[in-house]
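Chemist: Before I ask anything, let me first share the structure, which is written out below as structure tokens.
The values are calculated or read from the model by the stated rules, or taken from the named source; none is laboratory data. Just so you know, these numbers come straight off a predicted model, no measurement behind them. Neighbour counts run over all protein chains shown; Cβ positions are idealised from the backbone, glycine included. For the accessible areas, the whole protein counts, side chains as well, though only heavy atoms, and no ligand, DNA or RNA atoms are used. Shrake-Rupley method; radii C 1.70, N 1.55, O 1.52, S 1.80 Å.
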Amino acid sequence: MKFRVAPTRRLQGEGEVPGDKSVSHRAALLGALAEGVSEVHGFLEAEDCLCTLAAVQALGAEVTRKAPGHYRIAGSGRRGLSEPSDVIDCGNSGTLARLLPGVLTGLPFWTLLTGDASLRGRPMGRIAEPLRAMGATIVGRAEGTRLPLAIRGSTTPKAIDYATPVASAQVKSAVLLAGLAADGPVSVTEPAPSRDHSERMLRRFGVRVTTAERTVRLVPGPLRATSVAVPGDISSAAFLLVAGAIVAEARVTLHRVGVNPTRTGVLDVLEAMGARVATDRLADEGEPTASLTVTSGALRPTEIGGAALIPRLIDEVPVLAVLAAIAPGVTVVRDARELRVKESDRIAAVARELGKMGAAIEERPDGMAIAGGRRLHGARVASGGDHRIAMALAVAALVADGETLVDDVACVATSFPGFADVLNALAGTTIIRMEE
Ligand code: S3P
């Protein structure tokens, strides 16, 4: 599948982006662990999160789809979960592959996990190490650090105080989920705060979780079923915000976007680079939400780095690189080595593929230097099977001279299935065509 993208001078209108991927995964996992019936609204019906629903069903939770994005998840606590009869396929989802082992560490049976080729290449040692310390048996490829993995937990994992070397919400969440069943309080200390969706949602499900600076502490206990309203995903909104910042006649408003401060680094960078983003109608539904309106402005370069900022925008770097390629001057991204172990090596992919469109990007071990202000030209580029690379390239193509072909875009369905339709609606004409 490919995108054929024509440039546009106009993006006008308003709409919503699909549900937050991180929050949707957590709603499915916590709903399955809780006693009683949880209702989830705004669930992201994209491949990654549908894998999580299938995984909790394989473990014995009852999932009913009531309406688009509205799910009813019936659980009977950890007791209600039992050994799956087949391998659980995590598809392309790093979050599922890293959070589910946390849940499994509190379950006294074997579960087998695998994923697609990209996911099987991603590091799992970062969760296997603390979960083994809590008593899980984890075996698999590469000394148990790559999928497929087999995991056997216990009814009462050992409590630990874990200092993680990476600021990763997936690692933090895995330990917290294992801690729900532990023999005492668990804590995780990170080098810098990562997204806190697990902490917020665990509290909503009645669990005692406290945060002091870089340390999160959880007191084991049962989960009480509740309702969850999933906000729009700011990581999906980011593509439309950058599009609005670079297309000449743009004014785009996105409603109910999640603006959790651990996720809004992209807004800080848009502002620092001269794009105008107005925030309106702030609300709190367990996660803060807002309407965001972007209009184009005169762009300038910036520095994107530092332990405090990078985890707040890690998934947005590919599309911010597009913004930097348009803004005159040199933008530097540093401290972002983690990009090399995402759905693809995103530093290499951005430099190589945007380079084909005329961008001047120097790859560095922990980031890149982007000499912006050059005119981009249409080219044939490829996502390498990475959804965020596919969408970032399509956004770049909106302001290129001539037509761009983006190969291998079926992966967009992992996080933002309606991406092309939304941009076509904002352009008022078909600018992105899906082709076989
Ligand atoms: C996620 C955490 C981040 C992010 C990923 C989703 C999550 O990964 O890149 O897309 O939902 O916890 P890390 O925890 O590895 O930084």
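Chemist: Output wanted: per-residue J couplings in Hz (rounded whole) for segment 94-108, from phi through Karplus 6.51 cos²θ - 1.76 cosθ + 1.60, θ = phi - 60°, x for Gly and Pro.
Modeler: With coefficients 6.51, -1.76 and 1.60, one gets x, 5, 4, 5, 9, 7, 4, x, x, 4, 5, 5, x, 10, x Hz.
Chemist: Here is a follow-up. Whenever you get a sec, compute what percent of the accessible area on the chain sits on carbon and sulfur atoms (1.4 Å probe).
Modeler: Within the chain, the accessible surface is 50 percent carbon and sulfur.
Chemist: Per-residue HN-Hα couplings for segment 75-87, Karplus 6.51 cos²θ - 1.76 cosθ + 1.60 at θ = phi - 60°, whole Hz, x for Gly and Pro?
Modeler: x, 10, x, 4, 4, x, 9, 9, 4, x, 8, 9, 5
Chemist: Can you list residues from other chains, or at least 5 along the same chain, whose modelled amide H is less than 5 Å from the amide H of A46?
Modeler: none
Chemist: Kindly report the accessible area of segment 21-220 per residue (heavy atoms of protein chains, probe 1.4 Å, no ligands, DNA or RNA), in Å².
Modeler: 36 Å²
Chemist: Continuing with this model, one more query. Residues with amide H under 5 Å of V259's amide H, sequence separation 5 or more or different chain, H placed in the peptide plane at 1.01 Å from N; which?
Modeler: T289, A290
Chemist: Over what distance in Å are the Cα centres of segment 392-433 and segment 141-208 separated?
Modeler: What the calculation gives is 36 Å, centre to centre.
Chemist: Now, a different point. Let me cross-check C90: its accessible surface, 1.4 Å probe, with only protein heavy atoms counted, in Å² to the nearest 10?
Modeler: In the full protein context, C90 sits at about 0 Å².
Chemist: Now for a different question. At a 1.4 Å probe radius, which order do R281, R79 fall into by accessible area, largest first?
Modeler: These residues rank, largest area first, as R79, R281.
Chemist: Over the Cα atoms of the chain, Rg to Rh with Kirkwood Rh, two decimal places?
Modeler: 0.97
Chemist: Of A327, V259, S236, whose Cα points farthest to the positive end of the dipole of the chain (charges on the beta-carbon: +1 Lys, Arg; -1 Asp, Glu; origin at the Cα centre)?
Modeler: Of the listed residues, the answer is V259.
Chemist: Right, here's the next one. Once phi is turned into ³J(HN,Hα) by the Karplus curve 6.51 cos²θ - 1.76 cosθ + 1.60 with θ = phi - 60°, what whole-Hz value does each residue of segment 409-424 show in order, with x for glycine and proline?
Modeler: 10, 4, 4, 4, 5, 6, 9, 8, x, x, 3, 5, 4, 5, 5, 5
Chemist: Could you work out the relative contact order of the chain, using alpha carbon pairs under 8 angstrom and six or more residues apart, expressed as a whole percent?
Modeler: Relative contact order comes out at 19 percent.
Chemist: Let me ask another. Go through I88, G121, G153 and say which Cα lies farthest out towards the positive end of the charge dipole of the chain; charges sit on Cβ, +1 for Lys and Arg, -1 for Asp and Glu.
Modeler: Of the listed residues, the answer is G153.
Chemist: Which residue, chosen from L176, V37, A192, occupies the Cα position most advanced towards the positive end of the dipole of segment 21-220, where the dipole is computed from +1 (Lys, Arg) and -1 (Asp, Glu) charges on Cβ about the Cα centre?
Modeler: It is A192.
Chemist: Arranged from highest to lowest average of other beta-carbon atoms within 10 Å per residue, in what order do the peptides 91-103, 330-342 appear?
Modeler: The packing order, highest mean first, is 91-103, 330-342.
Chemist: OK, next. For the chain, with only Lys/Arg (+1) and Asp/Glu (-1) charged at the beta-carbon, what is the dipole magnitude about the Cα centre, in debye rounded to 20?
Modeler: 420 debye
Chemist: Now a separate question. Of the listed pairs K2/K356; K66/K342; K2/K66; K2/K172; K21/K158, which have alpha-carbon separations greater than 25 Å here?
Modeler: Beyond 25 Å between Cα atoms: K66/K342; K2/K66; K2/K172; K21/K158.
Chemist: Segment 21-220: Rg/Rh from Cα coordinates, Kirkwood Rh?
Modeler: 0.93
Chemist: Something else about it: Run through the DSSP bridge list for the chain and note the antiparallel percent, rounded to the nearest 5.
Modeler: Of all bridge pairs located within the chain, approximately 75 percent are antiparallel.
Chemist: Based on DSSP H runs of at least 4 residues, each adding -39500 (n - 2.57), what is the mean residue ellipticity at 222 nm of the chain after dividing by all its residues, to the nearest 500 deg cm²/dmol?
Modeler: Per the formula, -9000 deg cm²/dmol.
Chemist: Using amide H atoms built 1.01 Å from N in the peptide plane, name the residues 5+ places from A192, or on other chains, whose amide H lies under 5 Å from its own.
Modeler: Under 5 Å from the amide H of A192 lie the amide H atoms of A167, each far enough along the sequence or on another chain.
Chemist: While we're here: What is the local net charge at T211, summed over the other residues whose Cβ is closer than 13 Å to its Cβ (Lys, Arg +1; Asp, Glu -1)?
Modeler: +3
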